[in-house]
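Inspection log for the structure reproduced underneath, given as structure tokens.
The values are calculated or read from the model by the stated rules, or taken from the named source; none is laboratory data. Bear in mind that the values here come from a model prediction, so they are computed numbers and not experimental data. Every residue, glycine among them, receives a Cβ derived from its backbone with ideal geometry; neighbour counts consider all protein chains shown. Surface areas here come from the heavy atoms of the whole protein model, side chains and all, with no ligands, DNA or RNA. Shrake-Rupley method; radii C 1.70, N 1.55, O 1.52, S 1.80 Å.
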Amino acid sequence: MDTNQMIIAWKQMKSGDHAALALLFDHFYSDLYHYGLKIVNEPDLVKDSVQDVFLRIWERRTTLGDVKNTKAYLLSSVRRRLLENKAINWAITSRNPEDSDSQAFSFSSAEFIEVEETSRQLRSLLVQSINSLPDRQRELIFLRFYFNLSYAEIARIMDVKEQTIKNMMQRAIANLRTKIDSQLWEGIDYRDELLMALLLLFQKKIDLG
């Protein structure tokens, strides 16, 4: 479903078309669920939070405005709802939501396919290096390279200023550069090659499903 189709489906949903809501749910559910699991690895809580978001959208459809990027809007909504549900759920069970933050947005080499453009050694080291970053930097990298969102869209999702996101990305790239042996780059521009490697890690995974 391309951007125009998403806009049409959103407008149809706002007018009361339940089939359009189902279309949006089916199209975005996988990405929203995957994103939610990166925030907190509790499948049932993630599923409930995604369903809560679509239920609220349907109940408030007549008051909703138009959205330019449906995916970004839904990611933001799921993130907010999941954090609310996590706090409530963990309060009931006397657990601390902060206990799981170090595991948020962690990755394994198995999540990424091998591509010729990225050596196995560099690929493995990139994954290890990403996992060593602070959780918000890991989330930023995920949103930027997995979902290919703009800094402005990520800023709305993470509820911070756009400049804060840009600064955070600069720090994340700087942190990764200090963790990766420069010899792996074979003389290619270090920053550009690092960004390309990150893009390949995430985008190739999306392309093949």
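Each Lys or Arg adds one and each Asp or Glu subtracts one; over the other residues with Cβ under 11 Å from the Cβ of LYS14, this totals +1. Of TRP58, TRP10, the residue with the largest accessible area leads and the full order is TRP58, TRP10 (1.4 Å probe).
Length gain on complete extension for the stretch SER132 to ASP31, per 0.36 nm per residue less the alpha carbon to alpha carbon distance? Write down the numbers at each step before the final one.
On the way: separation 101, 0.36 × 101 = 36.36 nm, distance 2.36 nm.
Computed gain between SER132 and ASP31 is 34.0 nm.
Region 127-147 and region 1-47 have Cα centres lying 23 Å from one another. Each residue of region 150-159 was assigned a 3J(HN,Hα) from its phi angle through the Karplus expression (A = 6.51, B = -1.76, C = 1.60, θ = phi - 60°), giving 6, 4, 5, 5, 5, 4, 5, 5, 8, 6 Hz with x at Gly and Pro.
You can think of it this way: the chain between VAL160 and ASN175 has 3.3 nm of extra reach, that is 0.36 nm per residue less the Cα-Cα gap. Annotation: region 1-41 has a Kirkwood hydrodynamic radius of 11.0 angstrom, from the mean reciprocal C-alpha pair distance.
Taking 29 Å as the cut-off for C-alpha to C-alpha distance, list the pairs among LYS86/LYS179; LYS68/LYS166; LYS68/LYS179; LYS11/LYS86; LYS47/LYS179 that go past it.
Values: LYS86/LYS179 33 Å; LYS68/LYS166 21 Å; LYS68/LYS179 37 Å; LYS11/LYS86 31 Å; LYS47/LYS179 35 Å.
Beyond 29 Å: LYS86/LYS179; LYS68/LYS179; LYS11/LYS86; LYS47/LYS179.
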